[in-house]
Amino acid sequence: MAAPNLEFTLDATGLQLLAELRVLLEHNTIPARGYLTLPQAALYLGASPGTLREWIRMKRLPTYKPGKELLFKRTELDAWMERHRTVDGPFPKEVTHALTR
């Protein structure tokens, strides 16, 4: 079976996230547990590092700064995501149907 032709365009933020993901995957630096760096946390949350910096500035995201580097505890990010979820329960059938087309 031939591979599907996947063509898409990324904006500057998408290209930056893709570059950071490539580095993380090449160096296998996403820890299974423990603390994440800013690029790792951004990748984990699906947001840009700039967005995370803004959330930190607004005191919305838990972080540690033992030195110069920002660190994020994975379990605290998981809890933070749960507290900020917007969808309770499964997606409505029409949304599920639209996503699987």
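The values are calculated or read from the model by the stated rules, or taken from the named source; none is laboratory data. All values derive from a computational prediction rather than experimental measurement. Virtual Cβ from ideal backbone geometry, glycine too; neighbours counted across all protein chains shown.
Report whether or not THR51 is surrounded by 17 or more Cβ atoms within 10 Å (Cβ to Cβ) and modelled with pLDDT of 85 or more. First the steps, then the outcome.
Working: surrounded by 17 or more Cβ atoms within 10 Å (Cβ to Cβ): no; modelled with pLDDT of 85 or more: yes.
Criteria not met by THR51.
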Suppose the filter is modelled with pLDDT under 75, closer than 22 Å to GLU82 by Cβ, of a type outside the set (D, E, K, R) and surrounded by 11 or more Cβ atoms within 10 Å (Cβ to Cβ); does ILE30 pass it? yes
